[in-house]
1. Hey, does region 111-133 have a residue that's under 21 Å from residue 62 (Cα atoms), among the acidic types (Asp, Glu) and outside any helix (DSSP H, G or I)?
2. Write out, first by first residue and then by second, each pair whose Cβ atoms fall under 7 Å of each other, whose residues are 6+ apart or on separate chains, and whose first residue, in region 171-195, is within 23 Å of residue 134 (Cβ to Cβ) and assigned to a helix (DSSP H, G or I) while the second is among the hydroxyl-bearing types (Ser, Thr, Tyr) and at pLDDT 95 or above.
3. Residue under question is residue 10, and the condition is that it be polar (S, T, N, Q), over 30 Å from residue 163 (Cα atoms) and surrounded by 14 or more Cβ atoms within 10 Å (Cβ to Cβ); does it hold?
4. Quick one: count up the residues across region 1-47 that are of a type in the set (Val, Ile, Thr), at pLDDT 90 or above and over 18 Å from residue 64 (Cβ atoms).
5. Taking the options 19, 41, 71, 78, name whichever one is open to solvent by 20 Å² or more (accessible area, probe 1.4 Å), among the aliphatic types (A, V, I, L, M), assigned to a helix (DSSP H, G or I) and out of contact with any Lys or Arg (no Cβ under 6 Å at 6 or more places or on another chain).
6. Which condition does residue 89 not pass, out of (1) out of contact with any His (no Cβ under 6 Å at 6 or more places or on another chain); (2) in contact (Cβ under 8 Å) with a residue 60 or more places away in the chain; (3) open to solvent by less than 30 Å² (accessible area, probe 1.4 Å), if it passes all the others?
7. From the list 168, 143, pick out the single residue that is part of a helix (DSSP H, G or I), at pLDDT 90 or above and under 15 Å from residue 94 (Cβ atoms).
8. Just checking, does region 94-106 include any residue being in contact with a helix residue (DSSP H, G or I) (Cβ under 6 Å, 6 or more places away or on another chain) and either among the hydroxyl-bearing types (Ser, Thr, Tyr) or on the phi > 0 side of the Ramachandran plot (or both)?
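The values are calculated or read from the model by the stated rules, or taken from the named source; none is laboratory data. Model, not experiment: these values are computed from the prediction. Positions of Cβ are backbone-derived with ideal geometry, glycine not excepted, and every protein chain shown enters the neighbour counts. When the accessible area is computed, the model is the full protein with side chains, heavy atoms only, and any ligands, DNA or RNA have been set aside. Shrake-Rupley method; radii C 1.70, N 1.55, O 1.52, S 1.80 Å.
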Amino acid sequence: MPYRRTPAVQARMDAQRQVVLDAAIALLAERGYAGCSMAAVAAEAGIATGSVYRHFPSKAELAAELFRTVVSREVAAVAEASRRPGDLVQRIVAVIETFAARALKAPRLAYALLAEPVDPAVDAERLVFRRAFRDVFAEHIAEGVDRGELPAQDPRVTAAALVGAGAEALVGPLAEGASGPDTIPALVTFTLRALGVADARHA
């Protein structure tokens, strides 16, 4: 008869897995992926290295899960920003402002998510991440086109271009650990121009 974990055992396993992830997130924010070795994560979590492998058989699997966990929070934050009060363009601007502000607030973490050389498993997750952000933009762009508030355009293409441009514009400031006060306003201006918005209220 196959062994089945009791609810209490499963709860302990789940709790320890969360401890491992929390430790890895802390290291990622401080040192990037390069600092997230299995031994370093174990030390941060206060457990044996073998216990980390019990939950994540390889560093690649840990890194991919770490990426999914952190990025899901970022996607949730920009999705929430897109639902703020205001007209359609203001909500789109809120997305780019939130995306950039959160990145610049935690530059080491954001650089790791956007640009740090990583295992192919994390690169695959990055594509999912970019598509999730694209979809947040695209939904509102499509709505704007349908309402006649934005000029005719392919919402998915514009949205993908905005995500790519936003990430690329932030990589330099993130790598240097500093940004000027004009970084976010410049991204907003670019976004408005890309959308074809000419109304000075949104400039």
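1. yes
2. 194/158; 195/158
3. no
4. 2
5. 19
6. Failed condition: (1).
7. Every option except 143 fails the conditions.
8. Yes, there is a match, as at least one residue in region 94-106 is in contact with a helix residue (DSSP H, G or I) (Cβ under 6 Å, 6 or more places away or on another chain) and either among the hydroxyl-bearing types (Ser, Thr, Tyr) or on the phi > 0 side of the Ramachandran plot (or both).
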